[in-house]
1. Can you tell me which condition Ala71 does not meet? The list is (1) in contact (Cβ under 8 Å) with a residue 12 or more places away in the chain; (2) within 21 Å of the chain's Cα centre (by Cα); (3) under 23 Å from Tyr118 (Cβ atoms), and all the others hold.
2. If you take the residues of the range 6-55 that are out of contact with any helix residue (DSSP H, G or I) (no Cβ under 9 Å at 6 or more places or on another chain) and surrounded by fewer than 11 Cβ atoms within 10 Å (Cβ to Cβ), which of them is nearest to Tyr118 (Cα to Cα)?
3. Looking at the range 95-104, can you tell me whether even one residue there is exposed (fewer than 13 other Cβ atoms within 10 Å of the Cβ) and free of Cβ contacts under 8 Å to residues at least 60 places away in the same chain?
4. Determine which member of the set Gly172, Gly199 is surrounded by fewer than 14 Cβ atoms within 10 Å (Cβ to Cβ) and either touching a strand residue (DSSP E or B) at 6+ places or on another chain (Cβ under 6 Å) or closer than 20 Å to Ala87 by Cα (or both).
5. Give the range 124-133 a look and list any residue that's surrounded by 13 or more Cβ atoms within 10 Å (Cβ to Cβ) and within 22 Å of Glu76 (Cα to Cα), or say none.
6. If Tyr118 passes every condition in (1) without any contact (Cβ under 8 Å) to a residue 24 or more places away in the chain; (2) surrounded by fewer than 18 Cβ atoms within 10 Å (Cβ to Cβ); (3) not polar (S, T, N, Q) but one, which one does it miss?
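The values are calculated or read from the model by the stated rules, or taken from the named source; none is laboratory data. Source: prediction; values computed, not measured. A quick note on method: Cβ atoms are made from the backbone with ideal geometry, for glycine too, and the neighbour counts reach across all protein chains shown.
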Amino acid sequence: MATRRLTRGERREQTREQLLEAAARVFARRGYHGAAVDEVAEEAGYTTGALYSNFSGKEDLFLSLLERFAARQLEEIAAAAASGPSAGARARAGADTWMAFLEREPELVPLFVEFWSYAVRNPELRPRFAEQRARARDIVCGVIEQAARDLGLRFRVPSDQLATAVEALADGLALQRLADPESVPDDLFGAVLAALFDGATSLRSARTDR
């Protein structure tokens with residue numbers, strides 16, 4: 001049976017995916033500042049020209065990798081938090097998924113922090129980085145609002161602000177775990193989020209005019 005030839009668009013997408021996979025390995029090995037685009041191209045088996053035909057440079061390559069990773073990880077978290085008998089239970093399930101990721105791929109945390117520090121000091125790069133963070137926050141916000149609809153709950157804090165707090169807590173615990181792993185047990189994030197969500201909700205039928 002003859003193998004179907006890929007279209008130009010399919011070949012380009014395949015090249016892009018292979019470059020991103022190679023970039024993930026090189027950035028994890030070298031760090032953001034230590035990595036070079038020619039090393040990424042060589043790792044993927046392509047020329048530097050092929051890399052530049054898909055990405056404008058190292059910043060674009062890393063942000064594309066970050067967006068790809070964030071979409072995949074947030075999809076896992078959203079799926080884990082999609083069901084449960086209470087807002088706290090759903091929050092705990094999502095938090096446990098995040099902690100499992102930290103255990104599975106701890107090298108990505110210092111890499112992300114390195115790039116974060118670089119991005120916020122770069123006025124040209126910061127808007128795109130902030131946009132990526134906002135998209136991630138929107139997904140968390142959507143999970144919170146879905147829980148409210150499913151469970152008939154009212155949040156005492158606006159869902160977008162609650163999503164911001166959840167992300168800040170996730171990032172802060174990841175940093176703390178990196179510095180002192182024993183201070184952040186696997187169930188800490190889930191326990192704190194469950195308490196936060198249970199405390200921040202009330203039934204829609206309950207009085208809220210305190």
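1. It is condition (1) that Ala71 fails.
2. Among them, the one singled out is Gly9.
3. Checking the range 95-104: at least one residue is exposed (fewer than 13 other Cβ atoms within 10 Å of the Cβ) and free of Cβ contacts under 8 Å to residues at least 60 places away in the same chain.
4. Numbers: Gly172 fails: either touching a strand residue (DSSP E or B) at 6+ places or on another chain (Cβ under 6 Å) or closer than 20 Å to Ala87 by Cα (or both).
So the residue among Gly172, Gly199 that is surrounded by fewer than 14 Cβ atoms within 10 Å (Cβ to Cβ) and either touching a strand residue (DSSP E or B) at 6+ places or on another chain (Cβ under 6 Å) or closer than 20 Å to Ala87 by Cα (or both) is Gly199.
5. Phe129, Gln132, Arg133
6. (1)
Residue by residue, here is whether (1) outside the structural domain of Leu102 (by TED's automatic domain parsing); (2) outside any helix (DSSP H, G or I); (3) over 17 Å from the mean Cα position of the chain (by Cα) holds:
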position	(1), (2), (3)
Pro123	no, yes, yes
Ala130	no, no, no
Arg137	no, no, no
Gln161	no, no, yes
Gln176	no, no, yes
